[in-house]
Each structure stands twice: as structure tokens, then as C-alpha cells.
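Bear in mind these aren't lab numbers, they're just calculated from the coordinates by the rules spelled out. Note that the structure is predicted; figures quoted are calculated from it, not measured. Positions of Cβ are backbone-derived with ideal geometry, glycine not excepted, and every protein chain shown enters the neighbour counts.
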Amino acid sequence: MFTYTIRRLVLSVPTLLFISLVIFLLLQLAPGDPMAQVPLTVPPEVKEKMREALGLGQPLHVQYWKWLVQMFWVEPKVFIDWLTTSSALLGWLPDTTLYQGELRVISWQTRSPVMDLIVQALPQTLTVVGTAYIVGILIAIPIGIYSAYRQYSVFDQAGTFVTMIGFSIPPFFTGPLLIVIFSVQLGWFPFIYDTTHRVTDWPSFVTQVKQMIMPVMVLALQTTAQISRFMRASMLDNLRQDYVRTARAKGLGEAVVVMVHVLRNSMIPVITIIALGVPSIFGGAIITEVVFSVNGIGSQLINALFANDLPLVMTVTFIFAMLIVLFNIIADVLYGVLDPRIRYD
């Protein structure tokens, strides 16, 4: 398993290189000019110097190589330094000083390093998206298990109806609908997410929970709808297998049969959906962040697209691609953990 994991990580490098090249070339072909935001009173020679300062006058292969070096070498060091100094996850580790002042990817819109902008927005996105995904999984798996065990019951029919709604209604409709109902009509929750809010005591914690409820509901609805249907289908397939009848014939309790034998085998295809759903939930958060004014990575991407800020767009898009490749590897590795019959070495 360890050898397989290392091999997959090594093979992912040329995949990411090809993806980075495609992203770079596609965005170079996109219409627009970063100097379009500059006032008309600025002389043309000044605009040309600004263009050269941004690196736009260089050949494409030189621009791509510089961006590649920054993305694969410089920015990872900046991110690791941030993790060990400021992040709540790994801030307890000894501080690292890997970054030594090398040239960085600069946003055309703000003239700030792109990774600094992403790091500032990352906690907001992880708070909303991470909470929504965990809530969606915790709701979807029990619903899928019970719906399969009580097939065609009232609970199963109601679950099917709710999941079809979750599949059918997009976030750009669900979000405003919740705002109209719970913010405008009932006045229960704020419809604008205050990214400057800090939790220091119990009242501030309650305020944070209230402003998170609606964006989390929007994202969790889609997650619950998708995972619960796969969980139900996988459970139904395994409940009809011979080993289930054998386990019952041996006198094992129904809870042991369902929650130990059937559930473990049923989780194998569901793990793929959960792992591959992480990048997609980030994509779905783009619309949700815009609707609820969450100052996260999704909002930054939308603003960068409108401002023709290609460095920020390329970086965020490439991060999404890295997440897809990474969680594909994680899903494959978890196959071997869940199913003893699967061996890669």
C-alpha cells in the first residue's frame, strides 16, 4: 500500500504539470486586458511600463516557466510557513522559515501576493464548506442505511423526495429562497455573512452559528442528496448478498449484520463519492459564497474573473485541480483499507 501511494504521488506530478499548462494557455486566450482598469488619464508609456512590471511583455514560455516555479516551489514554502505560524491546525508546530523573499505570484487587481489573498480567505471557506460537508455526511449515511433497510417505507419515500429536491434545485436558487424565508420574512438569521466577526464568548459564538446556518444548509443539502442515494443503493446491493444470509443463519444479531458486515462493504463505493465530493463542494461554494457575501476563495475567484485578474484565477483554478488529483489518490488508498480483498502491492 505504501509503495502504491508513493507511485501514485509521483505519477500525479506530470498530471498536474499538464493541467497547469492547459489552465495557463486557456486563460492566455481569454479576452480582456489587465490595463483596462487603469484610468484613461494615464499616459500610454506609463501603461506600457506597468505591463512590463507585471511580466506581460515576456514570451509565453517565459511567463509559464516563472509561474510554474512560483506555484511548485515558492508558494508551497509560503503556505507551509503560514501553517506552522498562524494556522489553527498546525500552529503548535515549531515555526518554519522556508520562504526567503523569492519572487511571488502577484495579483493584478490588488498588487498583493496571490497566496496571501488565498490564505486570508481560506479560513472562511474551510469554516463554511467543511462544516457543511461534515453535516451532510453525518446526515446522509444514516438516511441511506435506514432507507435501504426499510425499502419502500414511508421514511424511504420521504427521503427519496427530499434528495430529489436537493439534486434538482441549484444553490443560486436555494440561497435566495432561504434568505427570503428565514431572513426577510422570519428574521431569524442574518443574510450577510460577517467575515470580520470573531468568536470570543458565548454570545459571539451564537452569532457565528446563526450566520453559518443558511450557507451550511445550502451546501449540506446537495451533499446529503448525493451521498444518501449512493449509500442506499450500495446497502441494497449488499443486503441481497449470500454472506448476509449466512451471517443471519449463524445467529448474529440484525444490528451486527447490518452495521458491521453490510455497512463496511457498502462504504467502499461511497468513499469514492465522499472523497471526490470535496473538490466539488468547493466549486459549489463559489455560488453560495457570492449569495451570502462570504469573503472566501469562491468570492475571490468570481471577483478575479470580473477584474480579469489572471494570476489569481490561475492559482485558484490550479488549487481546485490539485484537490481533485489528491482526493482521487485518497479514495484509491481507502479502498484497500476498507476491503481486504483489494491489494495494490
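Tabulated data for the structure shown
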{"quantity": "Over the chain, relative contact order from alpha-carbon pairs under 8 Å, at least 6 apart, %", "calculated": "24"}
{"quantity": "When the chain is reduced to its Cα atoms, the Kirkwood hydrodynamic radius in Å", "calculated": "23.2"}
{"quantity": "Burial ordering of Val209, Val10, fewest other beta-carbon atoms within 10 Å first", "calculated": "Val10, Val209"}
{"quantity": "Helix-only mean residue ellipticity at 222 nm for the chain, each DSSP H run of n ≥ 4 adding -39500 (n - 2.57), per residue, nearest 500", "calculated": "-22500 deg cm²/dmol"}
{"quantity": "Amide hydrogen neighbours beyond the local backbone of Ile106, cut-off 5 Å, H modeled", "calculated": "Val114"}
{"quantity": "Scaled radius of gyration (Cα, divided by 2.2 N^0.38 Å) that the stretch 61-125 gives", "calculated": "1.18"}
{"quantity": "DSSP-assigned coil residues among chymotrypsin sites (Phe, Trp or Tyr not before Pro) in the stretch 137-187, each with at most 11 further Cβ atoms within 10 Å", "calculated": "Tyr152"}
{"quantity": "Rounded if a/c under 1.5, otherwise prolate or oblate - the stretch 210-258, Cα gyration tensor axes", "calculated": "oblate"}
{"quantity": "Listed residues Lys66, Lys250, Lys210, most fluctuating in the chain (Gaussian network, C-alpha, under 10 Å)", "calculated": "Lys250"}
{"quantity": "Among Ala321, Leu219, Ala255 - extreme Cα towards positive end, dipole of the stretch 191-345, charges at beta-carbon", "calculated": "Ala255"}
{"quantity": "C-alpha center-to-center spacing [the stretch 93-120, the stretch 222-249] in angstrom", "calculated": "47"}
{"quantity": "Simple Cβ-charge dipole of the chain, Lys/Arg +1 and Asp/Glu -1, about Cα centre, in debye nearest 20", "calculated": "960"}
{"quantity": "Dipole magnitude of the stretch 163-320 about its Cα centre (Cβ charges: Lys, Arg +1; Asp, Glu -1), debye to nearest 20", "calculated": "680"}
{"quantity": "Leading residue at positive end of dipole, the chain (Cβ point charges), from Gln208, Tyr133, Ile271", "calculated": "Ile271"}
{"quantity": "Tensor-based shape of the stretch 92-132 (alpha-carbon gyration tensor, a/c under 1.5 rounded, otherwise prolate or oblate)", "calculated": "oblate"}
{"quantity": "Simple Cβ-charge dipole of the stretch 91-212, Lys/Arg +1 and Asp/Glu -1, about Cα centre, in debye nearest 20", "calculated": "200"}
{"quantity": "Exposure proxy ranking, count of Cβ atoms within 10 Å, fewest first, for Asp194, Asp116", "calculated": "Asp194, Asp116"}
{"quantity": "Descending principal axes extents, the stretch 115-268, alpha-carbon based, whole Å", "calculated": "60, 33, 32"}
{"quantity": "Charge dipole (the chain, unit charges on Cβ, about Cα centre) - positive-most of Val162, Thr246, Phe191", "calculated": "Thr246"}
{"quantity": "Footprinting exposure proxy for His61, His197, His261 (fewest neighbouring C-beta atoms within 10 Å first)", "calculated": "His61, His197, His261"}
{"quantity": "Span-rule helices in the chain, defined as complete DSSP H runs reaching 20 Å or more along the axis (Cα) with Kyte mean at least -1.0", "calculated": "2-29, 131-149, 154-168, 202-239, 263-292, 310-338"}
{"quantity": "Amide hydrogen neighbours beyond the local backbone of Gln241, cut-off 5 Å, H modeled", "calculated": "none"}
